Each structure stands twice: as C-alpha cells, then as structure tokens.
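Contents: one structure, followed by commentary.
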Amino acid sequence: MRDSRGFAHKRDISDIVTALGQALPGGGADLGQAVPLGDDCAAIPDGHSGYLLFAIEGLVEDFIERMPWFAGYAGVMVNVSDIYAMGGRPTAVVDALWSAGMQPADQMLQGMAEASSKYGVPIVGGHSNNRSVRPQLAVAILGHAKRLLTSFSARPGDLLLMAIDLRGAYQEPFPYWNASTTAPGARLRADLELLPALAEAGLCDAAKDISMAGAIGTTLMLLECSKVGATLDLDAIPRPAGVPLLRWLTSFPSFGFVLSVRPEALGEVLTRFAARDIACQVVGEVDDSRTLMLKQGDARQLLWDLNTDAFIGEARHA
C-alpha cells in the first residue's frame, strides 16, 4: 500500500503544501486563508446561505491516451463526487483541454458531455488548445452546500463507515471500478443525494470521497486532517465478489465514501444507504492515537504514524 501509485500521488501533495506554505508571507498559517487545505473541495462561506464549493481534477496522461472517452467522462464524474462528498450539490463545470487536433479531443468531449447529461451538471465554458504535442485534461467544478461534510470533523469515538456502489466492473486495465456509465442518470443522482441529505439532517459532519489513494489512503487523509487515528478492519470493507483484496484496496470506485459517524446516528445512516442498495458497513473506530492500524482477523499492522510522518499535510521538518 505504501508503495502504490495512488499513495505516491497523494504524498506529492505534502511537498506542494509545504512549498506553498514556505512561499506565503505568513508561512504555513496562511494556508487556512479561507478554509483549511486538505478537503475534497474548497469551502468558501457564502453569507447566510451556506458555502460555495470549488474543486478541480486533472487526468493522468496514460489514462487519456488509452481511454480518451472514459477520461472525459471521469473528469466530470470525479468532480461531481467531490462536491457531494462535502455535503453539497454541483452547479456547473469548466474544462481545460489540450490535444493534437480533434483526436482525441473529440472523444474526451463526448465523454464529458455524457457525464454532464447523466449527472445533470452543465459544461459552461473552459479553455482549449488543439496544437499540443500531448493530450491533457483538467476539469473544475462549482457547487453549493447548506451544511458541510468535511475532512476536519472526525472525533475519537466515531464509527468509520465505507459506502461503495458494488454494482459495476473494472474499467480494465486500470484500477477504476466503474458503477456509473451503465447506470441510469436518475439513479446516480439520487444515490449521491444521500450525502447532502445526511449533512442537512445532522446525521454526519465528516466524510471524504474515496480517491486514487483507495479506501485505506482516503481514510488516512481523513484522519490526518482531523488529527485523529483509527483501527481499520480490512475484512469489513465492502468488496465485490471475486475481486482480490489487494486489488480492491488500490481501486478507485465511481461511488465510494468514507464517513465518520457518531454512534447514535449509525442506524439511520446504514438504513439510508441500504434503501438505495449501496453497500455500507462499519469498518473501524476513530481514536486519538493519530496512527492508522490495519486489522485482519487476529493480525494487526501499523500502516502510518501521523505523529511523525505527514501524508498530505505540511511536512513538520521541511
């Protein structure tokens, strides 16, 4: 896990955050100018109506070259997921696209248009360059939340839940569990509506979208931001039948969230996901250790000690 590509990409964030902190006039303290860095979206207070949500995703080059249509689709899909992970609802997306002529630009745009239609999120503009040597794609999104789900609200004593849509298949050969492209748009939108509904009902205030770091890496990011720790039961993580555990732990599901829930809200949260046929299980408990311990049967192994080693946060000894 520590040597996986997903972990490596997330660890790079620590270098970026550290460098940015050193460049700002007030040092690392300036990183919280509006809201702390480390969430799925920037959450900017919007008067009395809640929060504007703002995020961006870039797609890796080898993915675009091999699957340009799905790369375009995923560029919209992952941004939409980030907005819902914060307890919000998406407003619109823009894109920045580079291509050598209309191939593969045309396929990327077709994929983006399909996702835009399925998720009900318009593409309202962007930037294009059709005279690039290599294809590149980044998609940014704007949304709004009445009440936030954040990476900074997990507390000792919370129960860690994972909610994942297992009704899909791998987008081979990549580690992308695709439960989106063949699903009806109305169902996709209603499934995602669970997240802001939980926030607005006061049933949850801490969550994170399962990203390229996989289920464990995403949990680690949540714990780091909240300055807590946990023991995670690998056998409790929702997993499709027949998928090897190690592959699943490094997978990126199209619908997957880690939630930190107060025990008294557990029953209602589980009931709401079950009503939408989303697999949701308790996978661990939050503590004050600032470590992530993995458990499988009687075996235990320390994966990460946040007391001494930052994951995505500012390095302590830069």
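Here are some notes:
- Restricting GLU285, GLU264 to residues that are within 15 Å of LEU222 (Cβ to Cβ) and open to solvent by 20 Å² or more (accessible area, probe 1.4 Å) narrows the list to GLU285.
- Of all residues in region 170-192, those being touching a residue at least 60 places away in the same chain (Cβ under 8 Å) and charged (D, E, K, R) number 2.
- SER128 fulfils the conditions (1) over 21 Å from the mean Cα position of the chain (by Cα); (2) among the polar types (S, T, N, Q); (3) open to solvent by less than 50 Å² (accessible area, probe 1.4 Å) except for a single criterion, (3).
- Checked against the criterion of being open to solvent by 50 Å² or more (accessible area, probe 1.4 Å) and modelled with pLDDT of 95 or more, the candidates ARG167, ARG134 yield just one match: ARG167.
- Scanning region 199-216 for residues that are open to solvent by 30 Å² or more (accessible area, probe 1.4 Å) and within 16 Å of the chain's Cα centre (by Cα) returns ASP205, MET212.
- Long-range neighbours under 8 Å by Cβ, at least six apart or interchain, first residue touching a residue at least 60 places away in the same chain (Cβ under 8 Å) and under 18 Å from PRO184 (Cα atoms) within region 65-84, second open to solvent by 10 Å² or more (accessible area, probe 1.4 Å) and among the β-branched types (Val, Ile, Thr): PHE70/THR181; TYR73/THR181; VAL76/ILE123
- Residues of region 233-251 include none that is closer than 18 Å to SER151 by Cβ, touching a Pro at 6+ places or on another chain (Cβ under 8 Å) and touching a residue at least 60 places away in the same chain (Cβ under 8 Å).
- For the condition open to solvent by less than 60 Å² (accessible area, probe 1.4 Å), farther than 21 Å from TRP177 by Cα and out of contact with any helix residue (DSSP H, G or I) (no Cβ under 7 Å at 6 or more places or on another chain), ALA55 does not qualify.
- Residue in region 218-228 that is of a type in the set (Gly, Ala, Ser) and either surrounded by 24 or more Cβ atoms within 10 Å (Cβ to Cβ) or closer than 25 Å to TYR51 by Cα (or both) present: yes
- Taken over region 64-119, the criterion of being of a type in the set (Asp, Glu), in a helix (DSSP H, G or I) and either under 16 Å from the mean Cα position of the chain (by Cα) or crowded, with 21+ Cβ neighbours inside 10 Å (or both) is satisfied by ASP82 alone.
The values are calculated or read from the model by the stated rules, or taken from the named source; none is laboratory data. From a predicted model like this one, the values you see are computed outputs, not experimental measurements. Ideal geometry is used to build each Cβ from the backbone, glycine not excepted, and the neighbour counts take in all protein chains shown. Side chains included, ligands, DNA and RNA excluded: accessible areas come from the protein's heavy atoms. Shrake-Rupley method; radii C 1.70, N 1.55, O 1.52, S 1.80 Å.
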